[in-house]
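Heads up: the structure comes next, in structure tokens.
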Amino acid sequence: MSRTIQNTLIAFIMATSVTALYFQSNFQFMKAEIFHIPVLFIIIFMVSLFVAEDVRNSFKKVLWFEKRKDKRPIWQVGIGMIFYFAQIGFVEVFARGLMPYDLAGMPMYVIIPFLNAFLLTVIFEEVFYDQKRELVEQFKFKKLK
């Protein structure tokens, strides 16, 4: 289940990146929409679903995920990155009206997803991250007089 969610979000990130890049062009066929969803997004999303697993595995190879002794920190960074860029992509394609707002010069559509990604990473970790529980060694304590 975790892998499916990750792959879907990676496909969403790729589709929103390409759509945001080409949607602002002067070509009218790039701006075609069905129920306010760009057709280009739908096409790229379907194609991205097939390559998302390979993209995820290539990131794991680049970051030496399998060679690490403790995989949890890099796993958290990867999940957080996926959540962050999925939210940024959503704003860039589907909610462009939220882009002009800023907080002391920093765009709000960059700040809020960072906070959300942190919270979503913690929740996702509690639900899906399977950590190996080590046996706790029993200690005998001396009674203090």
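The values are calculated or read from the model by the stated rules, or taken from the named source; none is laboratory data. No experiment lies behind these values; they were computed from the predicted model shown. Using ideal geometry, Cβ is built from the backbone for each residue, glycine included, and neighbour counts are taken over all protein chains shown. The area values use the complete protein model at the heavy-atom level, side chains included, leaving out ligands, DNA and RNA. Shrake-Rupley method; radii C 1.70, N 1.55, O 1.52, S 1.80 Å.
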Cα-based Lys proximity count in the chain, under 16 Å, for pairs eight or more positions apart or on separate chains: 6
Apportionment of accessible area to carbon and sulfur, the chain, percent (1.4 Å): 67
Accessible area per residue in Å² at 1.4 Å probe, computed on the chain: 78
Degrees between helix 108-128 axis and first principal axis of the chain (Cα, 0 to 90, nearest 10): 40
Among L103, L49, L63: highest mean-square fluctuation, GNM of the chain, C-alpha pairs under 10 Å: L103
Degrees between helix 72-94 axis and first principal axis of the chain (Cα, 0 to 90, nearest 10): 20
Leading residue at positive end of dipole, the chain (Cβ point charges), from L40, S25, A117: A117
Qualifying trypsin sites (Lys or Arg not before Pro) for the range 59-98 [loop in DSSP, other Cβ within 10 Å: at most 11]: K67, K69
